[in-house]
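These notes are about the structure you will find just below.
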Amino acid sequence: MIELQGIVQTYAGPQGPVEALRGIDLSVPRGQIFGVIGRSGAGKSSLVRTINLLNRPASGTVRVDGRELTALDPTALRAARRDIGMVFQHFNLLSSRTVFDNVALPLELEGLRRAEIVARVEPLLALVGLSALRNRYPAQISGGQKQRVGIARALASRPKVLLSDEATSSLDPETTRSILALLREVQRELGLTVVLITHQMQVIKQIANQVAVIDAGRIVEQGDTLDVFSRPQHETTRSLLDDVVPQELPAVVLDRVRALLGGVPASQATLLRLVFAGADSDKPLLSDVVRRFGVDLNLLHGQIDEVGGRPFGTLAVLARGAQDQLASTVAHLRQAGVLVQEVSHV
Ligand SMILES: Nc1ncnc2c1ncn2[C@@H]1O[C@H](COP(=O)(O)OP(=O)(O)OP(=O)(O)O)[C@@H](O)[C@H]1O
């Protein structure tokens, strides 16, 4: 649905040119919620604004729904942009217009008649849960409600693509959850393709089917969100993930392991970090290995969660038994689809 090829973006900075994007290739399939995560200054805003050419890249091509936007003249580009809605961190509402009139604005600019505008805006206000607040002004509603207005306005032109530039970054955690749930609902209901940029892994975890990690103007890792959460490859990904899925065991757990291991020969115990992702997390695998191989298991630490709506869990387990029992345990878990890491630095 969205194809970026060889995107380079350079700004004139006070100390010379700033290379914000250094050759980005990205392919976003139709109907996905595609998250782009990176630290401050990594190039996220530059990237998302390239998709609707709010930022025209120095080089590279942008294709949306089969049309090469970078090749269109200004009139054709204006028309093509109606297929691409955008939601902003600071909402960008007009303070002198009511909720209804903010949502209606893009339709007025398109030249639609009042009756058509009313027919489009009413259901959108219902969809975002704001029908009752239609006559309020932005100063009279909360941050979360403002973002609902922003989402309804972005949907007014019936876009196929919705871009979200840090849409939840200035909201509290609970409001963030409700706005992300709304984005997911409208994505499903309208069959949209959503590209969402964020610096919070929590946002990716809650909503994205696929994720790309951007670092210093380059995509350093991308894939299915559950795969990236299970097997992060790049240091930046691991460090961003640490907030929601601790990559190392806490010191207090390692202390407990040392206490449990007192006097046990090294060959007869192993500390395992297990990652359960997707359907595999439903199987009774741990009781299974205890029964089959006669190992002892101590559950030390863990969390069970959801990533992009699918089950995801990590567990730290101390397994004790004879060498062959331990080897069979690890092999069995791996065969069942569990990612098993043997932690050696205890
Ligand atoms: N208009 C501009 N002029 C000069 N430099 C810019 C401009 N816009 C962005 N930059 C620089 O380009 C780089 C990427 O910026 P960008 O805003 O895309 O990053 P970001 O990941 O969105 O950061 P943040 O999360 O802080 O908004 C940064 O080094 C930034 O300072």
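Remarks
- Filter pass, residue 255 being modelled with pLDDT under 95, in the same structural domain as residue 298 (by TED's automatic domain parsing) and charged (D, E, K, R): yes
- Residue check, residue 192 among the hydrophobic types (A, V, I, L, M, F, W, C), within 16 Å of the ligand (Cβ to nearest atom) and closer than 20 Å to residue 30 by Cα: no
- Test: residue in the range 137-147 that is surrounded by fewer than 21 Cβ atoms within 10 Å (Cβ to Cβ), in a loop (DSSP other than H, G, I, E, B) and of a type outside the set (A, V, I, L, M, F, W, C): yes
- Checklist (1) exposed (fewer than 13 other Cβ atoms within 10 Å of the Cβ); (2) of a type in the set (Gly, Ala, Ser); (3) touching a residue at least 24 places away in the same chain (Cβ under 8 Å) applied to residue 111, failing item: (3)
- Cβ separations smaller than 7 Å between residues 6+ apart or across chains give the following pairs from the range 148-172 residues that are within 16 Å of the ligand (Cβ to nearest atom) to residues that are assigned to a loop (DSSP other than H, G, I, E, B) and of a type in the set (S, T, N, Q): 163/52; 165/89; 166/89; 167/89; 169/89; 170/89.
- Any chance residue 225 is surrounded by 14 or more Cβ atoms within 10 Å (Cβ to Cβ), touching a residue at least 24 places away in the same chain (Cβ under 8 Å) and closer than 30 Å to residue 9 by Cα: yes
- Residue list for the range 58-71, filter: in contact with a helix residue (DSSP H, G or I) (Cβ under 8 Å, 6 or more places away or on another chain) and at pLDDT below 95: 67, 69
- Taken over the range 186-218, the criterion of being crowded, with 22+ Cβ neighbours inside 10 Å and among the β-branched types (Val, Ile, Thr) is satisfied by 193, 194, 195, 197, 198, 203, 204, 207, 211, 213, 214.
- If you filter the range 283-301 down to residues that are surrounded by 15 or more Cβ atoms within 10 Å (Cβ to Cβ) and out of contact with any helix residue (DSSP H, G or I) (no Cβ under 7 Å at 6 or more places or on another chain), you find that the one that is modelled with the lowest pLDDT is 286.
- In the range 157-185, the residue that is surrounded by the fewest Cβ atoms within 10 Å (Cβ to Cβ) out of those that are of a type in the set (A, V, I, L, M) and touching a strand residue (DSSP E or B) at 6+ places or on another chain (Cβ under 8 Å) is 161.
- Helices (runs of 4 or more DSSP H) enclosed by the range 14-122 - at least 2 residues per element that are away from the ligand (no atom under 16 Å from the Cβ): 74-81, 99-110
- Taking the criterion of being buried (at least 16 other Cβ atoms within 10 Å of the Cβ) and either of a type in the set (Gly, Ala, Ser) or more than 17 Å from residue 85 (Cα to Cα) (or both), the residues of the range 59-74 that qualify are 60, 70, 72.
The values are calculated or read from the model by the stated rules, or taken from the named source; none is laboratory data. In this text, all values refer to a predicted model and were calculated from it rather than measured experimentally. All Cβ positions, glycine included, derive from the backbone under ideal geometry; neighbour counts span all protein chains shown.
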